[in-house]
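The values are calculated or read from the model by the stated rules, or taken from the named source; none is laboratory data. Predicted model, so just to flag it, every value in this text is computed and none were measured. Neighbour counts run over all protein chains shown; Cβ positions are idealised from the backbone, glycine included.
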Amino acid sequence: MQEPLFFDPVLQEKIWGGQKLNTIFGYDLPTKKIGEYWAISAHPKGISTVKNGKYQGQKLDKLWKSHRELFDNVSGEVFPLLTKILDAQDYLSVQVHPDNAYALKHEGELGKSECWYIIDAKPNAEIIYGHHAKTRKELAQMIYNECWNDLLAHLPVKKGEFYYVPSGTIHAVGKGILILETQQSSDTTYRVYDFNRKNNKGKLRKLHIKHSIDVINIPGTTPKFKITEKKVGLSTITTFVKTPFFNVYKWQVQKELFLQKNAPYTLVSVIDGKGNLIINEDSYVLKKGDHFILPAGINTWKFIGKLNLIASEPGD
Ligand code: ZN
């Protein structure tokens, strides 16, 4: 009998971080400016640990290496996905991530496509999402001349919205936004602009202008994706995006929702509500802020209660 794998996270301090991961999710935070909660990760910069069952105490990267049956024996050097929650009390840097080919060549790791579910946003919150340069030459000129107002596309955002940010998209999460991010397991970020902010040591953070100009998509149009919604009884299944890297869903459970596996394994985050996860005869209590993997071997499951869940699977 296979069990779900619940995880202990890794927290990351950031100059733009805050305390919302405590006030909204009740997580214990070691310092005042926690920006990122790496909920499910096998990335060397922050590896989650299983906190229940037979694999309790084991790190996700080790499980991926030595218990590939939990992941349906799929191939791949590294566990490909990473789930985070970000508390942006200030703008993150304006940045871009490379695709797999560029990242493997220059950084020796995967590229990074990512996507955001907006858990909370203050009124008038906005993101930077795409740019207005027509050619790479114009892009470079605008970056070197710091024409940020003309270059960057701003977009107002609200709680409950979803954004796909494929590699090559220039972007920044704005002030007052709490997001759940599903991304490729990569930590390669090319910083284009950091608002001339200094870190706690009085230093500017490093920029990566040349790499950024190499990888930013031209033209900088906003990514296309189609969100679909399906009612199942009182519950709702929303498909946010299906990409080669990940498929991402929202499961809004109202009373109950019965599901069956359609991927080798599934990552799930409880972003609101409470209830239970039922697998065969076993019941697991779920609360806001829990994160778990449904490994291979769990073919059907049921949620009961009132829950908002974000789920992701590896892409095809
Ligand atoms: Zn990013």
Quiz item: So which residues in region 50-88 are crowded, with 18+ Cβ neighbours inside 10 Å and among the polar types (S, T, N, Q)?
Solution: 83
Quiz item: Given the residues 137, 159, which is the only one that is more than 14 Å from the chain's Cα centre (by Cα), more than 14 Å from the ligand (Cβ to nearest atom) and in a loop (DSSP other than H, G, I, E, B)?
Solution: 159
Quiz prompt | Of the criteria (1) crowded, with 19+ Cβ neighbours inside 10 Å; (2) under 18 Å from the mean Cα position of the chain (by Cα), which one residue 125 fails | solution = (2)
Quiz item: Under the condition of being at pLDDT 95 or above and among the acidic types (Asp, Glu), which residue from region 237-286 is nearest to residue 308 (Cα to Cα)?
Solution: 272
Quiz item: If you go through region 169-188 one residue at a time, do you hit one that is surrounded by fewer than 19 Cβ atoms within 10 Å (Cβ to Cβ) and without any contact (Cβ under 8 Å) to a residue 24 or more places away in the chain?
Solution: no
Exercise. Within region 34-47, track down each residue that is free of Cβ contacts under 8 Å to residues at least 60 places away in the same chain and under 23 Å from residue 107 (Cα atoms).
Key: 36, 38, 44, 46, 47
Quiz item: If you take just the strands (runs of 3 or more DSSP E) that sit entirely in region 227-316, which of them hold at least 3 residues that are in contact with a His (Cβ under 8 Å, 6 or more places away or on another chain)?
Solution: 266-279
Quiz item: Of all strands (runs of 3 or more DSSP E) completely enclosed by region 1-115, which ones contain at least 2 residues that are within 16 Å of the ligand (Cβ to nearest atom), among the charged types (D, E, K, R) and at pLDDT 95 or above?
Solution: 81-88
Quiz item: Quick check, is residue 270 touching a Cys at 6+ places or on another chain (Cβ under 8 Å) and surrounded by 17 or more Cβ atoms within 10 Å (Cβ to Cβ)?
Solution: no
